[in-house]
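Here is the structure we will look at, set down as structure tokens.
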Amino acid sequence: MKAPCIAQRDVTLHILKTFHLVMNKKLGQNFLIDSHVVNKIVEAAEITPEDKVLEIGPGIGTLTQGLAEAGASVVGVELDKKLIDVLGKTLADYDQVRIVHGDILKIDISREIAAESYKVVANLPYYITTPIIMKLLEERLPISLLVTMIQKEVALRMIASPGSKDYGALSVAVQYYTEPEIVFIVPPASFIPAPAVHSAVLRCRIRKMPPIAVESERDFFKVVKAAFCQRRKTLSNSLKGGGFEANDIATMLDRAKIEGQRRGETLALADFGALANAYTALIRERG
Ligand code: SAM
């Protein structure tokens, strides 16, 4: 007999009752109860039976089941120990699913999923969305596609363009590593318990090459962080506030041909690249 679809209110409530589960708000536990949303996430991730998938926070196995039904091999990393036994039962029919007990921010991901290339698909715990996404990107794991359900406001910041109110260091970082897009919006009623905010499914295609030539990524992110550290100040003043020397700032702006009176949030990725490369060159010349 086919396993019942977990992404339904009555099935989820039955699982919670059977295993005496009380949902843990601190762990961002909002479980999906809408099978259409699960299907649309699986579709957004372009899942085929050849796919290897890392899922973060499988919960009671709602999205995991959708991925496995589409034929993917899934490694699910779940922090809540109580859910590990539950997942063993709810996903018992799916041989191609392996559950790992651990904290995604602490585990060595390459040890758990050794595939040459894989996808990450997750309904992320909202309290640590940004650290998780930044860890996945900064570690340069062999991820081809990242499809995550996150808070709508955070998704808007990740896709924001220069000059908009949502544009910031997070937009620059995500757009440096990936091509992000919002695929669809999910209302609170699709979850138990219903969160206070709307969610968005964000699809990030990982870039094979960064969109700009940066000589030192460390310097690039130092400049980006400084440029946004005081949003209402001019770029010159923000860089000063971010720890750059006044003389260096003048030379960097001059070489990058950028007006110091501009505000950090008007700079495109290429502008940040030019500014960072000017700084790297300055440091190198100094020996
Ligand atoms: N995938 C399920 C779904 O779609 O219904 C549950 C998603 S729920 C929003 C987030 C899940 O992430 C919870 O099961 C929670 O226990 C788990 N989680 C929270 N922090 C985690 C961490 N640091 N590492 C791994 N899993 C975590």
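Across the cross-link table entries Lys135/Lys240; Lys25/Lys119; Lys119/Lys152; Lys17/Lys89; Lys2/Lys52, which are compared at the Cα atoms, the separations over 18 Å belong to Lys135/Lys240; Lys25/Lys119; Lys119/Lys152; Lys2/Lys52. Got a number for carbon plus sulfur as a percent of segment 217-285's accessible area, 1.4 Å probe? Roughly 47 percent, rounded to a whole number.
Taking amide H atoms as placed 1.01 Å from N in the peptide plane, the amide H of Gly76 lies under 5 Å from those of Glu55, Arg98, Ile99, Val100, each 5 or more residues away in sequence or on another chain.
What separates the Cα centres of segment 233-287 and segment 45-80 is a distance of 43 Å. Using the Cβ of Leu91 as centre and a radius below 14 Å, the other residues enclosed give a net charge of -3, where K and R count +1 and D and E count -1. Between the amide H of Val186 and those of Ser199, Ala200, Val201, distances stay under 5 Å, these residues lying 5 or more places away or on another chain, with hydrogens modeled in the peptide plane.
Rolling a 1.4 Å probe over the heavy atoms of the protein chains gives the chain an accessible area of 49 Å² per residue. Note on segment 9-206: with neighbouring protein chains present and a 1.4 Å probe, carbon and sulfur make up 53 percent of its accessible heavy-atom surface. Dividing the Cα radius of gyration of the chain by 2.2 N^0.38 Å, with N the residue count, gives 1.14.
The accessible area of Arg255, taken with all protein chains in place and a 1.4 Å probe, comes to roughly 110 Å². Equivalent-ellipsoid semi-axes for segment 225-274 (Cα gyration tensor, √(5λ), whole Å, largest first): 14, 13, 9. Here the Karplus curve 6.51 cos²θ - 1.76 cosθ + 1.60, taken at θ = phi - 60°, turns the phi angles of segment 32-48 into couplings of 6, 10, 10, 5, 5, 5, 4, 4, 5, 5, 4, 5, 4, 8, 6, 6, 10 Hz, with x standing for Gly and Pro.
Computed per residue of the chain from DSSP H runs no shorter than four, each worth -39500 (n - 2.57), the mean residue ellipticity at 222 nm is -11500 deg cm²/dmol. The residues neighbouring Val183, those whose beta-carbon lies less than 10 Å from its own, together hold a net charge of 0 under the Lys/Arg +1, Asp/Glu -1 convention.
The values are calculated or read from the model by the stated rules, or taken from the named source; none is laboratory data. Everything numeric here is computed off the predicted structure, so don't read it as measured data. Cβ sites come from the backbone with ideal geometry, for glycine too, and all protein chains shown count toward neighbours. Remember, those area values only see protein heavy atoms, side chains included, never the ligands or the DNA or RNA. Shrake-Rupley method; radii C 1.70, N 1.55, O 1.52, S 1.80 Å.
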